[in-house]
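After the structure tokens below, expect a handful of questions from me.
The values are calculated or read from the model by the stated rules, or taken from the named source; none is laboratory data. Since the structure is predicted, the reported quantities are computational estimates derived from the model, not experimental observations. Methodologically, a virtual Cβ is constructed for each residue, glycine included, from the backbone with ideal geometry; neighbour enumeration extends over all protein chains shown.
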Amino acid sequence: MGQRFYATLADVYGRPPVVFSAAGMGELAGATVFIESNDPALWVRSTEPRLAAIVSKNALRFPLTMAGAPPIATDDWPYVYHRRHSIPRTYLTVSLIVLVLALFLVRGKLEPRKASTWHFFFLGASFLLLETQLVSRLALYFGTTWLVNCVALKAVLLVLVLSNLYVAQKNPARLGPFYVCLVLFLLANYFFPWAALPFSARSIGILLSITYAVPVFFAGVIFTSSFSRNEGKSAAFGANIVGAVAGGLAQNVSFILGMKALLIFASVFYILAKVCNRIQSAGKREVRPGLKSVIRAA
């Protein structure tokens, strides 16, 4: 951990930090102190006898070198306490257990041979990844606090309410344009260099919130319209819940590829959802002529 902090601070500031250990005092535990700054005067002061003596007398338990250090933490890979780019066994095990429980709870309702089941499955998986991305990205600009999570989730619910109102008023017949716009916005968020914007963290966070609200709105329109037109409501809802749990399992990929990679997975899941929707629509068109011929024969 000490080497990771040392390498991360050196990467961010362009110079290695001043580091020394501080012994415990009373009920306070000992700690490693990292001093870093954009001010070059810091390293001038670090050579002064008093500070230099403190640094030299309080030796560290880890080498002050970036060679052999664990991968540094970044905005895209913020797992400070994880040793390497791999999925922790605990996370993977818990995710699999939750997935098995979800399958058990909806047993008898799922119809895996129907395209509609996979349509709602992929909608649930992709939306879970989209929501996870929104919360994690906003935390970069506003902080990882309960208040930020509360505001982000309320914003998601508000946008979903607006999408439901839109469907109730407009009742869009064709969902293809919504799928296209949704995937385009996800890919735009993936490739856009947000860190290069010359604005404050709060301003970038607000812009980011708006750009994520748009795909959430499209996702809400797609789900609400699809669910209202689907005949088997229980099977569709069960498939959507299982898909959301599977999306949580897919979220573990971020331990290997980073958080932004979830946008690519969400885009792929939405494309697969659209493909399943097309297969479902084609099946309905084939059934209707068959019913007409049966009626004529009768």
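Restricting segment 52-92 to residues that are in a helix (DSSP H, G or I) and of a type in the set (A, V, I, L, M), which is farthest from TYR13 (Cα to Cα)? Spell out how you get there, then give the answer.
Our first condition is that a residue be in a helix (DSSP H, G or I); within segment 52-92, this holds for 52-57, 89-92.
Restricting the remaining residues to those that are of a type in the set (A, V, I, L, M) gives 52-55, 92.
Working: ALA52: 21, ALA53: 24, ILE54: 23, VAL55: 20, LEU92: 35 Å.
Selected residue: LEU92.
Let me ask something else about it. Do we find a residue being surrounded by 14 or more Cβ atoms within 10 Å (Cβ to Cβ), polar (S, T, N, Q) and either at pLDDT below 85 or assigned to a helix (DSSP H, G or I) (or both) anywhere in segment 111-122? Reasoning before the result, please.
Keep residues of segment 111-122 that are surrounded by 14 or more Cβ atoms within 10 Å (Cβ to Cβ), which gives 111, 114-122.
From what's left, polar (S, T, N, Q): 116-117.
Restricting the remaining residues to those that are either at pLDDT below 85 or assigned to a helix (DSSP H, G or I) (or both) gives 116-117.
Checking segment 111-122: at least one residue is surrounded by 14 or more Cβ atoms within 10 Å (Cβ to Cβ), polar (S, T, N, Q) and either at pLDDT below 85 or assigned to a helix (DSSP H, G or I) (or both).
With (1) assigned to a helix (DSSP H, G or I); (2) more than 20 Å from LEU262 (Cα to Cα) as the list, and PHE127 as the residue in question, which single condition is left unmet?
Failed condition: (2).
If a residue must be of a type in the set (Ser, Thr, Tyr), modelled with pLDDT of 85 or more and more than 19 Å from PRO70 (Cα to Cα), how many such residues does segment 22-49 contain? Walk me through how you get there before you give the answer.
Our first condition is that a residue be of a type in the set (Ser, Thr, Tyr); within segment 22-49, this holds for 32, 37, 46-47.
Filter once more, keeping what is modelled with pLDDT of 85 or more: 32, 37.
Checking which are more than 19 Å from PRO70 (Cα to Cα) leaves us with 37.
So the answer is 1.
Picking from VAL100, VAL161, which residue would you name as being closer than 20 Å to THR211 by Cα, over 19 Å from the mean Cα position of the chain (by Cα) and either surrounded by fewer than 18 Cβ atoms within 10 Å (Cβ to Cβ) or modelled with pLDDT under 90 (or both)?
Values: VAL100 fails: closer than 20 Å to THR211 by Cα.
Going through VAL100, VAL161 in turn, the sole match is VAL161.
Do you know which residues across segment 123-156 are at pLDDT 90 or above and among the aliphatic types (A, V, I, L, M)?
Initially, segment 123-156 is screened for residues at pLDDT 90 or above, giving 123-130.
Answer for segment 123-156, where residues must be at pLDDT 90 or above and among the aliphatic types (A, V, I, L, M): LEU123, ALA125, LEU128, LEU129, LEU130.
Being without any contact (Cβ under 8 Å) to a residue 12 or more places away in the chain and more than 16 Å from ILE256 (Cβ to Cβ) is the filter here; which residues of segment 65-95 pass it?
ALA67, THR93, VAL94
What's the total number of residues in segment 194-242 that are β-branched (Val, Ile, Thr), closer than 18 Å to LEU184 by Cα and surrounded by fewer than 19 Cβ atoms within 10 Å (Cβ to Cβ)?
Within segment 194-242, the first condition is being β-branched (Val, Ile, Thr), and the residues that meet it are 204, 206, 210-211, 214, 216, 221-222, 224, 241-242.
Narrowing the set further to residues that are closer than 18 Å to LEU184 by Cα leaves 210-211, 214, 216, 221-222.
So of that shortlist, the ones also surrounded by fewer than 19 Cβ atoms within 10 Å (Cβ to Cβ) come out as 210-211, 214.
Within segment 194-242, residues that are β-branched (Val, Ile, Thr), closer than 18 Å to LEU184 by Cα and surrounded by fewer than 19 Cβ atoms within 10 Å (Cβ to Cβ) number 3.
Please determine whether any residue of segment 233-240 is among the polar types (S, T, N, Q), closer than 30 Å to ILE97 by Cβ, touching a residue at least 24 places away in the same chain (Cβ under 8 Å) and part of a helix (DSSP H, G or I). Quick ask: steps written out before the conclusion?
Applying the first criterion (among the polar types (S, T, N, Q)) to segment 233-240 yields 234, 240.
From the residues that got through so far, the ones that are closer than 30 Å to ILE97 by Cβ too are 234, 240.
Now narrow it down to the ones that are touching a residue at least 24 places away in the same chain (Cβ under 8 Å): 234, 240.
Still in the running and part of a helix (DSSP H, G or I): 234, 240.
Within segment 233-240 (the criterion being among the polar types (S, T, N, Q), closer than 30 Å to ILE97 by Cβ, touching a residue at least 24 places away in the same chain (Cβ under 8 Å) and part of a helix (DSSP H, G or I)), the answer is yes, since at least one residue qualifies.
While we're on this one: Tally up the residues in segment 161-174 that are outside any helix (DSSP H, G or I) and either under 30 Å from VAL80 (Cβ atoms) or touching a Phe, Trp or Tyr at 6+ places or on another chain (Cβ under 8 Å) (or both), please.
To start, the set of residues in segment 161-174 that are outside any helix (DSSP H, G or I) comprises 171-174.
Among the residues that remain, those that are also either under 30 Å from VAL80 (Cβ atoms) or touching a Phe, Trp or Tyr at 6+ places or on another chain (Cβ under 8 Å) (or both) are: 172.
Looking only at that region, the number is 1.
Among the listed residues PHE62, PHE20, identify the single one that is surrounded by 10 or more Cβ atoms within 10 Å (Cβ to Cβ) and closer than 18 Å to ARG83 by Cβ. Break it down stepwise before answering.
Details: PHE20 fails: closer than 18 Å to ARG83 by Cβ.
One residue alone meets the criteria, PHE62.
Which of the residues belonging to segment 130-160 are over 16 Å from ALA219 (Cα atoms), part of a helix (DSSP H, G or I) and among the hydroxyl-bearing types (Ser, Thr, Tyr)?
SER136, TYR141
In the set VAL242, VAL183, VAL216, which member is more than 21 Å from SER95 (Cα to Cα), modelled with pLDDT of 90 or more, over 14 Å from the mean Cα position of the chain (by Cα) and not polar (S, T, N, Q)?
Values: VAL242 fails: more than 21 Å from SER95 (Cα to Cα); VAL216 fails: over 14 Å from the mean Cα position of the chain (by Cα).
Checking each option against the conditions leaves just VAL183.
Any residue at all in segment 159-174 that's under 30 Å from VAL100 (Cα atoms), in the same structural domain as GLY108 (by TED's automatic domain parsing) and in contact with a helix residue (DSSP H, G or I) (Cβ under 8 Å, 6 or more places away or on another chain)? So that I can check it myself, show each step before the final result.
Taking segment 159-174 and keeping what is under 30 Å from VAL100 (Cα atoms), we get 160.
Narrowing further to those that are in the same structural domain as GLY108 (by TED's automatic domain parsing): 160.
When the remaining residues are screened for being in contact with a helix residue (DSSP H, G or I) (Cβ under 8 Å, 6 or more places away or on another chain), the result is 160.
Yes, segment 159-174 contains a residue that is under 30 Å from VAL100 (Cα atoms), in the same structural domain as GLY108 (by TED's automatic domain parsing) and in contact with a helix residue (DSSP H, G or I) (Cβ under 8 Å, 6 or more places away or on another chain).
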